Amino acid sequence: MADTQIRFEDGLSYERYMGDWSRRVGIVFLDWLAAPSGLKWIDVGCGNGAFTELLVQRCAPTEVIGIDPSEAQLDFARKRSAARPAKFDRGDAMALPFPADTFDVATMALVIFFVPDPAKGVAEMVRVVRPGGLVAAYAWDILGGGFTLEPLRIEMRAMGVTPINPPSAEASRIEAMRALWAGAGLDAVETREITVQRTFADFEEFWATSLLGSSIRPTVAAMPPADIELLKTRVRTRLPADAAGRITYESRANAIKGRVPRK
């Protein structure tokens, strides 16, 4: 039986697959937050540092701390030259190792659906952010068909193979996010959808990249070789190439932000 847990331990493979997608959404997300420069940030579930690096480049923070449970991902993050102003530590989203009111902004980039208890994760972000500070997140709309791997997931389901969802996939719904932020007592809550496109040189690049460091790889690897080839054929048909052989498609994330009430 295939491993049903989703783990990300290879920072380089994850970078080639999700790092690019994360930056595309992250640029829109950070512009939407419109946070001033000179703030203290915590990036909860920073992974290999793709989003952390982006916020360092675009937001001119005075301090950034990235927290993640994977030491392998953190090791990759620490080697990012553009992210050197940031500090990366191992930690649990549901028990952040900081006192109350430490940061001006807390973010979760593509993380909330991996937190076993999303409400506790949001509560922890609220706890460590000062009154008036910002708590924000974005997540692929997995249950609404917005995930980057949706073309493969559609064809896997058609073949009777059930793709693995993150443990808290329900938290990626925009209605669920609103409920989490309201339940945490946040003010001025706003949500939006972020749609981004990515183009691959050809189908083989799309296929190889989509399996690198992705949550779907163990399930595909466990399929019989003939079924894998059938899956490739079905996905190729679903994603027709342009005249130059390129593959382009969209993915969609849900985003939310709110303010910690002033005391």
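Computed values, structure above
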read-out	value
Antiparallel bridge percentage (DSSP; both residues within the chain; nearest 5)	50 percent
Acute angle (nearest 10 degrees) that the helix 50-59 long axis makes with the longest principal axis of the chain, alpha-carbon atoms	50 degrees
Compactness index (Cα Rg / 2.2 N^0.38 Å), segment 46-188	1.12
Degrees between helix 225-238 axis and first principal axis of the chain (Cα, 0 to 90, nearest 10)	70 degrees
Rounded Å value of the spacing that divides the Cα centres of segment 111-145 and segment 208-233	30 Å
Shape call, segment 219-263: gyration tensor on alpha carbons, a/c limit 1.5	oblate
Cα gyration tensor shape of segment 188-249, rounded if a/c is under 1.5, else prolate or oblate by comparing a/b with b/c	oblate
For segment 116-251, radius of gyration divided by Kirkwood radius, i.e. Rg to Rh on alpha-carbons	1.07
Expected-Rg normalisation [2.2 N^0.38 Å, Cα atoms] applied to the chain	1.01
Selection from S215, W140, P36, by position along the positive dipole direction of the chain (Cβ)	P36
Over the chain: helical MRE at 222 nm, DSSP H runs n ≥ 4 each giving -39500 (n - 2.57), nearest 500	-10500 deg cm²/dmol
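Values quoted throughout were computed directly from the atomic coordinates according to the rules given, and no laboratory measurement underlies them. Everything quoted here is computed from the prediction, not taken from an experiment. Counting neighbours? That spans all protein chains shown, and the Cβs are built from the backbone with ideal geometry, glycine included.
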